[in-house]
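The values are calculated or read from the model by the stated rules, or taken from the named source; none is laboratory data. Values in this document were obtained by computation on a predicted structure and should not be read as measured data. Note that we place each Cβ from the backbone using ideal geometry, even for glycine, and neighbour counts take in every protein chain shown.
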Amino acid sequence: MAKAEMAKKDKAAMRKEAEELREKIRHHEYLYYVLDAPEISDAAFDRLMERLKEIEAAHPDLVTPGSPTTRVGGTPREGFTTVRHARPMLSLDNAFSYDALRDWDRRVREGSGREDIEYIAEHKFDGLSISLQYEDGVLVRGVTRGDGTTGEDVTPNVKTVRSIPLQMDAAMLKKCKVPGSFEVRGEILMTRKAFEELNRQQEETGGKIFVNARNSAAGSIRVLDPSITAQRKLDFFAYFLYVDGKAPFAKHSESLEALKKLRFRASDDWQLCDGIEEVIKYCESWDTKREKLAYEIDGVVLKVNSTALQNELGFTAKAPRWAIAFKYPARQETTVVNDIIVQVGRTGTLTPVAVLEPVQVGGVTVSRSTLHNMDEIERLGLCIGDTVLIERAGEVIPHVLKVVKEGKSRRAFHMPKKCPVCGSAVHRVEGEVAYRCVNAACPAQRKESILHFAARHAMDIDGLGEKIVDQLVDTGLVKDVADLYSLERKEVAALERMAEKSAQNLLEEIEASKKQPLSRAIYALGIQFVGERTAQLLAENFSSLEELAEASAEELEKVPEVGPKVAASIVDFFSEPANRKVIKKLREAGVRPTAEKRELKSDKFAGKTFVFTGALEHRSREEAGEIVQQHGGKLSGSVSKKTDYVVVGADPGSKYDKAKELGVSILDEAGFEKLLGLK
Ligand code: IVH
């Protein structure tokens, strides 16, 4: 074959592969981010993405506007540009009581001259509204509501939200009778879990503490650097579809159904209601159920379902007459801060907690509220004795919003110099906001670390709750997590609230936990900055806890997504003699988690790191990677000075250029086979 012809063929094959990869990635993004039902591991997903990136880097002309690789990659901007909405983004009138809803219903009936109105009740998502514009089935623009007439263009930020499709399925558009160009309106929000996680992270790193999920969602979209948005776990719920500025179906419920089919995330919890009394029942039932939702709703949005009737009713100057927002009473209250105490966490972080004059907030008595860290207390200007406004959102621990009145005999709070639990010195690491207890054997830290070890996503030891852990630590039976494995039945049965049977069950649970995979064991150790995902990645690169404990910062940084901060934290953890002892004790007790381990065929590649790029002829890159690992070598996703070999197949990506630039040894497949001793 002539060279040009060959290149053409390769190109066609590459285009096909890229298209297939995009299709797969889109499918898995949908399963993961919209349906919450992933079918493949994060690592397998990353591999698909890596491969696509590689192809696109080698053939920039093959990049399509809706490619999943374009989610992240926008660069920070100087400012936002404002965009005029094709159709104003109006807000809604609010109703704060059921009587106000009945009044609205009367106006709708009078305005339309009809009695039999079908309403549709939906959740009122508590986030910020966004307009998404699609052209030819591709997302081209995301705009905030702004003042309703003009908003800010936040396209690069919006593209990082994984539940927002970048590209439509043409067949599905056709099936739903929606053209390629349309607009979707909906709400960007953060789940309670993502919000709490974000604040926890901000607590550790000294970032801004967000007051509630809505503010953190808004703060994450309205940033100039989209890479920040990408790190925040944002969601999007669609609630409006417009084609040529108009609702395309006879009923709003049909729009919601179409949005769902088009793979937008849309709530299933809407309901058609025959008359206002049914609407009120819906509001009542969700007032209690809303606590259990993964995200916050602050009310119910009611719409007249018929599009024709909506058009007939029209708008007032600022809101549609055919819709209204019923708002649940705010779960806010004022109370007095009687004291500020300090709690010691698993990593020794001291967290100040406000002791409140007990107060009812949305049916729950609240007497404590986290203050996160010293910076937050300073930001609030809070002293003991002050009256504060607190807010409770679902099951989240309430949050102090602001000081509403300074106390007469107010008293400033200072972080203690000694740990309130063990009396050891408290340190504030330079450049960090957090104060820490320096004593690794501090009982508070011990209790927290045992609870973390036993947690559901860690070793999953059911029945090892706070009350039991308190007793185990206080009686000296358990000094570290490894001691759990030498507990005896008699000792456990002697604890308060423990019967013979439950003691037996607990011991069985502990025994069963020995079989947990390496990734969970790594996570269970509770190393700072090592969450579930990082633990998973570490388990894919190290074969045992011992091997991980021996790893240098350099070696750790070769693991995808592990940067200097995480690597340093892991090295720190294992340089602590007490922690090394725990690993040894665990091993002796029979906790020897291994990665779904490959047979080591030789140690020929020990200490060597390989990067593969481009398509190999005799094996897939996954297979080649497996071979490297079977011979003791390591894989990396990117080329650095620390890479030993870059193995290059057909149509290599940018990694090839990087290898040349850095002078790393470059092999072709035959060279790799030779190194392996196959040739
Ligand atoms: S419809 C003209 N539906 O609430 C009608 N809005 O208070 C526009 N919101 O600006 C809105 N959930 O940000 C609608 N299911 C829902 C909603 C919803 C939350 C927000 C939206 C709107 C605000 C009005």
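Some notes on this structure:
- Boolean, V355 is away from the ligand (no atom under 16 Å from the Cβ) and closer than 30 Å to V421 by Cα: yes
- Residue check, V404 in contact (Cβ under 8 Å) with a residue 40 or more places away in the chain and under 15 Å from T334 (Cα atoms): yes
- Identity of the residue in the range 29-50, of a type in the set (D, E) and either more than 16 Å from the chain's Cα centre (by Cα) or part of a helix (DSSP H, G or I) (or both), that ends up modelled with the lowest pLDDT: D42
- Filter result for the condition that a residue is among the aliphatic types (A, V, I, L, M), over 23 Å from V562 (Cβ atoms) and not in a strand (DSSP E or B), over I666, I627: I627
- Selection status of A434, touching a His at 6+ places or on another chain (Cβ under 7 Å) and at negative phi: no
- Given (1) buried (at least 19 other Cβ atoms within 10 Å of the Cβ); (2) under 15 Å from L241 (Cα atoms), index of the condition E135 fails: (1)
- Helices (runs of 4 or more DSSP H) within the range 541-596 that include 2 or more residues under 24 Å from S513 (Cα atoms) and among the hydrophobic types (A, V, I, L, M, F, W, C): 545-550, 564-575, 577-589
- Cβ pairs under 6 Å, 6+ apart, first in the range 235-253 and within 16 Å of V34 (Cβ to Cβ) and within 11 Å of the ligand (Cβ to nearest atom), second of a type in the set (K, R) and not in a strand (DSSP E or B): F237/R265
- Looking across the range 110-146, the residues that are acidic (D, E), part of a loop (DSSP other than H, G, I, E, B) and either within 16 Å of the ligand (Cβ to nearest atom) or over 25 Å from E284 (Cβ atoms) (or both) come down to D126, D136.
- Enumeration of residues in the range 301-353 that are of a type in the set (D, E) and under 30 Å from L451 (Cα atoms): D339
- Residue match in the range 518-538 (condition: in contact with a strand residue (DSSP E or B) (Cβ under 8 Å, 6 or more places away or on another chain), assigned to a loop (DSSP other than H, G, I, E, B) and surrounded by 17 or more Cβ atoms within 10 Å (Cβ to Cβ)): no
- Filtered residues of the range 447-501 (kept if within 27 Å of the chain's Cα centre (by Cα) and assigned to a helix (DSSP H, G or I)): K447, E448, S449, I450, L451, H452, F453, A454, E466
- Residues that are free of Cβ contacts under 8 Å to residues at least 40 places away in the same chain, in a loop (DSSP other than H, G, I, E, B) and under 16 Å from the mean Cα position of the chain (by Cα) within the range 200-225 comprise just one, F210.
- Taking residues in the range 320-334 that are more than 15 Å from I276 (Cα to Cα), and partners anywhere that are more than 9 Å from the ligand (Cβ to nearest atom) and among the aromatic types (F, W, Y), the pairs with Cβ atoms closer than 7 Å and at least 6 places apart or on different chains are K327/F96.
- Unique residue being away from the ligand (no atom under 16 Å from the Cβ), charged (D, E, K, R) and modelled with pLDDT under 90 when the list is R232, R222: R232
- Check on S253, of a type in the set (S, T, N, Q) and either on the phi > 0 side of the Ramachandran plot or modelled with pLDDT under 95 (or both): no
- Selected residue (criterion: nearest to the chain's Cα centre (by Cα)) from residues of the range 313-345 that are among the aromatic types (F, W, Y) and at pLDDT 95 or above: F326
- Within the range 58-108, the set of residues being surrounded by fewer than 19 Cβ atoms within 10 Å (Cβ to Cβ), away from the ligand (no atom under 16 Å from the Cβ), part of a helix (DSSP H, G or I) and among the aliphatic types (A, V, I, L, M) comprises just one member, L62.
- The number of residues in the range 147-174 that are within 14 Å of the ligand (Cβ to nearest atom), in a loop (DSSP other than H, G, I, E, B), more than 30 Å from D287 (Cβ to Cβ) and touching a residue at least 12 places away in the same chain (Cβ under 8 Å) comes to 1.
- Long-range neighbours under 8 Å by Cβ, at least six apart or interchain, first residue farther than 19 Å from A317 by Cβ within the range 79-90, second in a loop (DSSP other than H, G, I, E, B) and of a type in the set (D, E, K, R): F80/R222
- Those residues of the range 302-312 which are away from the ligand (no atom under 12 Å from the Cβ) and either touching a residue at least 60 places away in the same chain (Cβ under 8 Å) or under 23 Å from G363 (Cβ atoms) (or both), in sequence order: N305, S306, T307, L309, E312
- Among (1) of a type in the set (G, A, S); (2) in contact (Cβ under 8 Å) with a residue 60 or more places away in the chain; (3) touching a Leu at 6+ places or on another chain (Cβ under 7 Å), the one test that G180 misses: (2)
Residues checked against (1) aliphatic (A, V, I, L, M); (2) surrounded by fewer than 20 Cβ atoms within 10 Å (Cβ to Cβ):
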| position | (1), (2) |
| --- | --- |
| V178 | yes, no |
| M190 | yes, no |
| K193 | no, yes |
| E196 | no, yes |
| R200 | no, yes |
| V211 | yes, yes |
| G219 | no, yes |
| V223 | yes, yes |
| R232 | no, no |
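- The range 577-620, residues that are surrounded by 14 or more Cβ atoms within 10 Å (Cβ to Cβ), within 30 Å of D10 (Cα to Cα) and not aromatic (F, W, Y): T609, V611, T613, G614, A615, L616, R619
- Of residues in the range 84-128 being of a type in the set (S, T, Y) and closer than 16 Å to H252 by Cβ, the one modelled with the lowest pLDDT: S112
- Conditions (1) buried (at least 20 other Cβ atoms within 10 Å of the Cβ); (2) away from the ligand (no atom under 13 Å from the Cβ); number of the one not met by G299: (2)
- For the range 257-277, the set of residues classified as outside any loop (DSSP other than H, G, I, E, B) and either at positive phi or without any contact (Cβ under 8 Å) to a residue 60 or more places away in the chain (or both) consists of E257, K260, E277, listed by residue number.
- In the range 149-176, residue nearest to the chain's Cα centre (by Cα) [restricted to those that are surrounded by 19 or more Cβ atoms within 10 Å (Cβ to Cβ) and basic (K, R)]: R162
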